[in-house]
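K.L.:
Supplied in structure tokens, the structure appears directly below.
Read-outs: derived from the displayed coordinates by stated rules, not from any lab. Since the structure is predicted, the reported quantities are computational estimates derived from the model, not experimental observations. Don't worry about glycine lacking a Cβ; one is built from the backbone with ideal geometry, like all the others, and counts go over all protein chains shown.
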Amino acid sequence: MSTAERSTTRPGSTPNRRSRQNFETWSWFFMRISGLILFFLALIHFSLTHIFHDVTTTTVSFVAKRWANPFWRVFDWLLLALGLLHGTNGLRFIMDDYVRNPRKRAAVKAFMYVLAVALFVLGTITIVTFKGNLAG
Amino acid sequence: MSPESTLYKGKTGQWAFVLHRVTGFLVLMFLLLHIVDVSMLSFPRIYNEIHALYGNVLMRLFEVGLLFGLVYHALNGLRVIMIDFFPGSIKNEKSVFYSIFSLTILLTIIGGFIILRPFFTGSVH
Ligand code: HEM
């Protein structure tokens with residue numbers, strides 16, 4: 001690093017700040033790319049389950065018919081994964097804005113990450129292990 | 001987060017930003033709940049029973065609210081992406097915002113009509 005660069009950087013914070021900034025740029029980019037994909041996934045999903053079919057007909061056998069085709073399992077899994085990542089990262093922005101106390105902020109974030117991971121695992125297990133013909 | 005993450009907020013109006021935040025948060029809360037109710041697929045009878053609840057009037061109204069939130073967040077998200085990736089592509093930000101809001105209302109009314117119709121025709125309670 002050049003002397004000129006060092007003189008403009010706050011002392012004691014160089015490597016950490018650099019990687020944090022990279023992460024925030026990446027996160028900013030991710031929100032936009034995942035938003036674009038979710039635009040189609042989420043709106044198609046909602047239309048299928050609430051507009052083109054009545055919600056009362058989306059029973060186990062409805063799911064069984066849909067998930068017989070691997071395309072829809074992949075579709076739903078992508079919606080699960082991107083929705084959780086995009087939503088949890090968005091929630092992280094919101095916590096950064098409103099939870100000012102550093103210790104509280106760390107605790108709230110830890111809680112929401114654990115919850116998101118747990119629900120991601122639960123959702124993935126549901127999609128992968130579902131065997132439709134049991135229910136009829 | 002520091003202002004970097006919400007750079008667009010001063011430019012396009014506080015309301016667009018607040019509503020984007022509130023709808024994003026509410027859609028996420030619904031997603032969390034929805035992952036749990038769908039996980040009941042492993043217990044088909046429980047799944048069908050829980051799922052029948054989505055057909056009652058209160059839940060249908062809630063679904064119309066979800067539609068509003070999702071459509072607004074999706075359209076406004078596209079607006080934000082346009083502004084960030086193609087600066088200058090949106091000339092009149094205010095009128096673009098009003099168009100998005102009107103389109104959201106219109107789609108919510110049409111979708112809401114379809115979602116609530118079984119209630120009016122008496123096929124649900
Ligand atoms: C349907 C298409 C979607 C698009 C186009 C979209 C777009 C965006 C964009 C561009 C941002 C970043 C705003 C910023 O940097 O300040 C954002 C934030 C956010 N999104 Fe989405 N999103 C979509 C779906 C979703 C879904 C399904 C959820 C919930 C699971 C969600 C939850 C959030 C949350 C909580 C935020 C943070 C809001 C804030 O910082 O104020 N979004 N969205």
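K.L.:
Determine the shielding of peptide A:45-55 by partner chains: average, over its residues, the number of Cβ atoms on other chains within 10 angstrom of each Cβ.
P.N.:
For peptide A:45-55, the averaged partner shielding equals 4.
K.L.:
Once you average over the residues of A:85-96, how many Cβ atoms of partner chains fall within 10 Å of each Cβ?
P.N.:
4
K.L.:
Let me know the mean shielding of B:28-36 by other chains, meaning the per-residue number of their Cβ atoms within 10 Å of its Cβ.
P.N.:
Going residue by residue through B:28-36 and averaging, the value is 6.
K.L.:
Ok, one more. Residues of the range A:48-72 with the amide nitrogen closer than 15 Å to a label point 7 Å from the Cα of B:N56, along Cα-to-Cβ, please.
P.N.:
Those under the cut-off are A:56.
K.L.:
Work out how much length B:I105 to B:V18 would gain on full extension: take 0.36 nm times their residue separation and subtract the Cα-Cα distance, in nm to one decimal.
P.N.:
29.6 nm
K.L.:
Please say if the range B:14-120 is rounded, prolate or oblate, where rounded means a/c under 1.5 for a ≥ b ≥ c the square roots of the C-alpha gyration tensor eigenvalues, and otherwise the choice is prolate for a/b larger than b/c and oblate otherwise?
P.N.:
prolate
K.L.:
Under 26 Å between alpha carbons: how many lysine pairs meet that in the protein assembly as shown, if sequence neighbours fewer than 8 apart on the same chain are excluded?
P.N.:
So the count of such lysine pairs works out to 7.
K.L.:
Sorting check: for B:113-122, A:19-28, which peptide has the highest mean count of neighbouring beta carbons within 10 Å, and how do the rest follow?
P.N.:
Ranked from most to least packed, the peptides come out as B:113-122, A:19-28.
K.L.:
Grab the other residues whose beta carbon is less than 13 angstrom from that of B:S99, score K and R as +1, D and E as -1, and report the net.
P.N.:
Within the 13 Å Cβ shell, the charges total +2.
K.L.:
Let me ask another. For the range A:3-129, just list the percent of Cα-Cα distances falling in each 5 Å bin from zero outward, please.
P.N.:
2, 8, 13, 16, 17, 13, 10, 8, 5, 3, 2, 2, 1, 0
K.L.:
Tell me, in nm to one decimal, what length is gained between A:I33 and A:N89 on full extension, where the rule is 0.36 nm per residue of separation less the Cα-Cα distance?
P.N.:
Stretched out fully, the A:I33 to A:N89 stretch lengthens by 18.9 nm.
K.L.:
Quick one, could you list the DSSP H helices from chain B stretching 15 Å or more along their long axis (Cα atoms) with average Kyte-Doolittle hydropathy of 0.5 or above?
P.N.:
B:14-39, B:57-85, B:93-120
K.L.:
Using the Kirkwood formula over every pair of different C-alpha atoms, what hydrodynamic radius in Å results for the protein assembly as shown?
P.N.:
The Cα-based Kirkwood calculation yields 20.6 Å.
K.L.:
Turning to a different aspect of this structure: Quick check: Cα centre of the range B:40-73 to Cα centre of the range A:61-135, how many Å?
P.N.:
17 Å
K.L.:
Could I ask something else about it? Which value in nm describes the separation of the simple spin-label points at B:L116 and A:T57, placed 7 Å from the Cα toward the beta carbon?
P.N.:
2.2 nm
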